[in-house]
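Okay, structure first, notes after.
The values are calculated or read from the model by the stated rules, or taken from the named source; none is laboratory data. What you see is a predicted model; the values in this text were computed from it and never measured. Here the Cβ positions follow ideal geometry from the backbone for every residue, glycine too, while neighbour counts run over all protein chains shown.
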Amino acid sequence: MSLRRSLQMMTLRQLGSALITCLVTLSACGGSQTPSAELLIQLKASPASRFEGSLDTSPLTPVGSVEGELDLDALGRELKPAEKSGDFTLLPPSPCGKLIPAKRVLQHYRDRLDEVFDEHLLTARRADQTSLTFPKMEHKAPLPKGGQAGDVISAYLGLDRVLSFVDLKELKHYERCCELTGTCGPRMVSTLYEVKRGVHSINPADPTLRKTLLAFEQKHGDSLNAQKRKTLAVEIYKAQTKVNPRGERTAISHIEHRALPAPLPAPLTQVALNVTPSTKIRCKGKKQKRASAVEFTITLGGVDTAEELLGYEITTSNKWVDLSLVKHNPRVRVGTGKIGCVPGEEAFTNYEHVCPKEIMLMAFPPACGDVKGKGAGDFAWTAEASIYAPGEAEASYHKVKSSAVVTTVHTR
């Protein structure tokens with residue numbers, strides 16, 4: 001055989017080998033390659049989850065165990081145990097909530113954290129399935145709308161940020177308010193774990209998926225064991241996210257919570273009202289142009305245990321003329337026969353926002369014709385003390401009334 005004939009025979013064998021390779025890979029020569037049908041079947045046979053990280057989740061509470069929507073504003077919100085063991089209910093904001101130092105929050109991003117995690121999930125979409133649960137982190141995520149049964153689900157969950165209070169000692173005013181008003185829950189959210197989350201619902205004919213599977217098959221073969229499934233879960237997600245980087249979102253996955261002080265059963269037990277006029281009170285006679293003004297010293301006793309959030313309303317006769325404060329106080333309001341006070345928003349840190357336990361009032365005695373009986377008329381004073389959340393004038397707690405104190409108005 002000549003040398004030329006030998007070269008022609010070798011060329012034919014090489015062409016035949018190339019043709020066989022094309023057929024094995026189920027592709028047409030010159031066309032796009034596709035993964036084997038066996039690989040696609042195995043892909044949907046059972047789910048695969050790959051978890052990496054050092055975060056200990058045992059002391060954490062997954063958001064799925066909390067009834068109510070959790071977001072970044074949930075830090076400091078109160079919880080109460082639900083009927084189901086281990087579950088909690090997120091309570092509406094407490095009136096004491098404004099005392100939580102909202103701007104004093106630690107934000108530890110992933111690159112500053114010692115303990116993080118990453119979880120990749122690969123599974124097949126079931127009919128009417130709307131959510132997906134990451135098995136290791138017990139976190140539930142919604143599935144993209146519009147998917148169909150049999151789609152490949154590729155998902156990822158990774159710790160992105162941890163939010164907590166700078167110093168729990170800074171919650172002392174909030175906790176004191178909870179004790180006095182009894183408006184807080186038994187526990188509060190003290191730490192939030194924010195994750196980066198992505199979920200893809202992929203049609204099996206998706207070109208990016210097929211390209212990823214083909215590359216995987218050429219490297220690892222089309223027989224999937226547990227370890228290969230985990231590796232494939234990561235590779236499919238990375239490829240899909242590269243095509244759709246906006247598919248990732250942040251969400252709260254877990255929380256930590258701590259106990260709050262129990263409310264005091266009776267922060268106010270009694271109120272001792274004392275009214276001391278500066279002089280003997282005489283009514284205004286018919287021939288008098290004006291009666292002499294009288295100053296009253298009003299003091300409240302028995303309220304020291306709750307003085308930070310003390311509020312009160314003092315009631316007296318509406319026959320006093322021009323009842324007013326001797327010295328202005330921004331918290332105290334005086335009307336006809338009524339003196340009221342409600343603590344302000346800064347009651348714990350600014351004495352001007354606290355209701356005074358002693359005030360000075362001035363009034364002119366009534367006309368003698370308005371005084372019943374001959375010789376003397378009795379003008380009573382009573383006080384109702386309550387607890388108020390700072391700056392909340394509409395609701396009061398633990399109301400206690402004093403005994404009546406009588407000041408006598410003399411007619412002669």
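What to note about this one:
- Restricting LYS103, LYS98 to those that are under 13 Å from the mean Cα position of the chain (by Cα) and not in a strand (DSSP E or B) reduces the list to LYS98.
- Every listed requirement among (1) surrounded by 13 or more Cβ atoms within 10 Å (Cβ to Cβ); (2) more than 30 Å from GLY391 (Cα to Cα) is met by THR89 save one, (2).
- The single residue among GLN270, GLN240 that is surrounded by 13 or more Cβ atoms within 10 Å (Cβ to Cβ), of a type outside the set (Phe, Trp, Tyr), out of contact with any Asp or Glu (no Cβ under 8 Å at 6 or more places or on another chain) and closer than 30 Å to GLY311 by Cα turns out to be GLN270.
- Within segment 183-241, the set of residues being among the small types (Gly, Ala, Ser) and touching a Cys at 6+ places or on another chain (Cβ under 7 Å) is empty.
- The one condition from (1) at negative phi; (2) out of contact with any Asp or Glu (no Cβ under 7 Å at 6 or more places or on another chain); (3) exposed (fewer than 15 other Cβ atoms within 10 Å of the Cβ) that ALA385 does not meet is (3).
- Residues in segment 341-369 that are touching a Gly at 6+ places or on another chain (Cβ under 9 Å) and more than 24 Å from THR297 (Cβ to Cβ): GLU345, GLU346, ASN350, ALA367, CYS368.
- Test for LEU192: is it in contact (Cβ under 8 Å) with a residue 40 or more places away in the chain and farther than 30 Å from LEU90 by Cα: no
- Tally of residues being under 36 Å from the mean Cα position of the chain (by Cα), surrounded by 15 or more Cβ atoms within 10 Å (Cβ to Cβ) and among the charged types (D, E, K, R) across segment 316-342: 1
- Matching entry among SER49, SER65 (being in contact (Cβ under 8 Å) with a residue 12 or more places away in the chain, touching a strand residue (DSSP E or B) at 6+ places or on another chain (Cβ under 8 Å) and closer than 30 Å to PRO204 by Cβ): SER49
- Segment 374-398 - residue that is charged (D, E, K, R) and more than 30 Å from the chain's Cα centre (by Cα) and, of those, modelled with the highest pLDDT: GLU384
- In segment 117-125, the count of residues that are in contact with a strand residue (DSSP E or B) (Cβ under 7 Å, 6 or more places away or on another chain), among the basic types (Lys, Arg), crowded, with 19+ Cβ neighbours inside 10 Å and in a loop (DSSP other than H, G, I, E, B) is one or more.
- Qualifying positions in segment 25-83 - at pLDDT 80 or above, touching a helix residue (DSSP H, G or I) at 6+ places or on another chain (Cβ under 9 Å) and among the β-branched types (Val, Ile, Thr): THR34, VAL66
- Output for segment 192-216, where each listed residue is assigned to a strand (DSSP E or B) and within 17 Å of HIS120 (Cα to Cα): GLU194, VAL195, LYS196, ARG197, GLY198, VAL199, HIS200, SER201, ILE202
- Qualifying residue in segment 298-315 (condition: in contact (Cβ under 8 Å) with a residue 40 or more places away in the chain, touching a strand residue (DSSP E or B) at 6+ places or on another chain (Cβ under 7 Å), closer than 22 Å to VAL371 by Cβ and exposed (fewer than 15 other Cβ atoms within 10 Å of the Cβ)): no
- For segment 74-94, the set of residues classified as within 14 Å of the chain's Cα centre (by Cα) and in a loop (DSSP other than H, G, I, E, B) consists of LEU75, GLY76, ARG77, LEU91, PRO92, PRO93, SER94, listed by residue number.
- Yes/no for THR276 being assigned by TED's automatic domain parsing to the domain that holds VAL400 and not in a loop (DSSP other than H, G, I, E, B): yes
- Strands (runs of 3 or more DSSP E) wholly inside segment 316-394 that include at least 2 residues being touching a Pro at 6+ places or on another chain (Cβ under 7 Å) and either of a type in the set (D, E, K, R) or in contact (Cβ under 8 Å) with a residue 60 or more places away in the chain (or both): none
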